[in-house]
Amino acid sequence: MTKTDTSGLSQLGTNVDLPQSPEDAILERVPNSQDDTDYTVRFTAPEFTSLCPMTGQPDFAHLVIDYLPNKWLVESKSLKLYLGSFRNHGAFHEDCTIGIGKKLVEFLGPKWLRIGGYWYPRGGIPIDVFWQTALPPKHLWIPDQGVPTYRGRG
């Protein structure tokens, strides 16, 4: 097993305040010691929160991020802080979901990434947003995201 060098990480193992905005958040990465193997990494954020840019009211989503790493892995605490920084950020569901996916692609350079944003209804209509970089590789095991469509009380 290869030991990963974490000396360049500024947030891991320290007390860090939640960034006030996604622009203030610092994503960090570590080398992928298994970069010769294709595998899926999944992050699930069942309590993602942002603000409606029109009303300032909170919006809630269940985010699922799947990716096939290349040379880098996202450091999970920095991802948690990045996602948490959206709670003060006003943006539409589509902008939040796709923006997070594109930011991770730019930062990590994965072989493949998809994000599902399962937004809880406001105004009576749930909005689910899905984005991926390409069709998933056929040889890769990618479980279903496991989030049912919104059914209300029915």
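The values are calculated or read from the model by the stated rules, or taken from the named source; none is laboratory data. This structure is a prediction, so every number in the text was calculated from the model and none was measured. Every residue, glycine as well, gets a Cβ built from its backbone with ideal geometry; the counts of neighbours run over all protein chains shown.
In table form, for the structure just shown:
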| quantity | calculated |
| --- | --- |
| Selection from the range 97-141 of residues that are touching a helix residue (DSSP H, G or I) at 6+ places or on another chain (Cβ under 6 Å), under 20 Å from Glu47 (Cβ atoms) and either aliphatic (A, V, I, L, M) or outside any strand (DSSP E or B) (or both) | Ile115, Ile127, Val129 |
| Test for Thr55: is it more than 11 Å from the chain's Cα centre (by Cα), among the β-branched types (Val, Ile, Thr) and farther than 26 Å from Ala134 by Cα | yes |
| Residue that is out of contact with any strand residue (DSSP E or B) (no Cβ under 7 Å at 6 or more places or on another chain) and either at pLDDT below 95 or crowded, with 16+ Cβ neighbours inside 10 Å (or both), where the choices are Gly99, Gly90 | Gly99 |
| Set Gln11, Gln20: member being modelled with pLDDT under 95, surrounded by 12 or more Cβ atoms within 10 Å (Cβ to Cβ) and closer than 13 Å to Ser76 by Cα | Gln11 |
| Residue list for the range 31-84, filter: surrounded by fewer than 16 Cβ atoms within 10 Å (Cβ to Cβ), in contact (Cβ under 8 Å) with a residue 60 or more places away in the chain and assigned to a strand (DSSP E or B) | Arg42, Phe60 |
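Residue by residue, here is whether (1) free of Cβ contacts under 8 Å to residues at least 40 places away in the same chain; (2) surrounded by 16 or more Cβ atoms within 10 Å (Cβ to Cβ); (3) not hydroxyl-bearing (Ser, Thr, Tyr) holds:
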residue	(1), (2), (3)
Pro110	no, yes, yes
Gly116	no, yes, yes
Ile125	yes, no, yes
Val129	yes, yes, yes
Pro137	no, no, yes
Trp141	no, no, yes
Thr149	yes, no, no
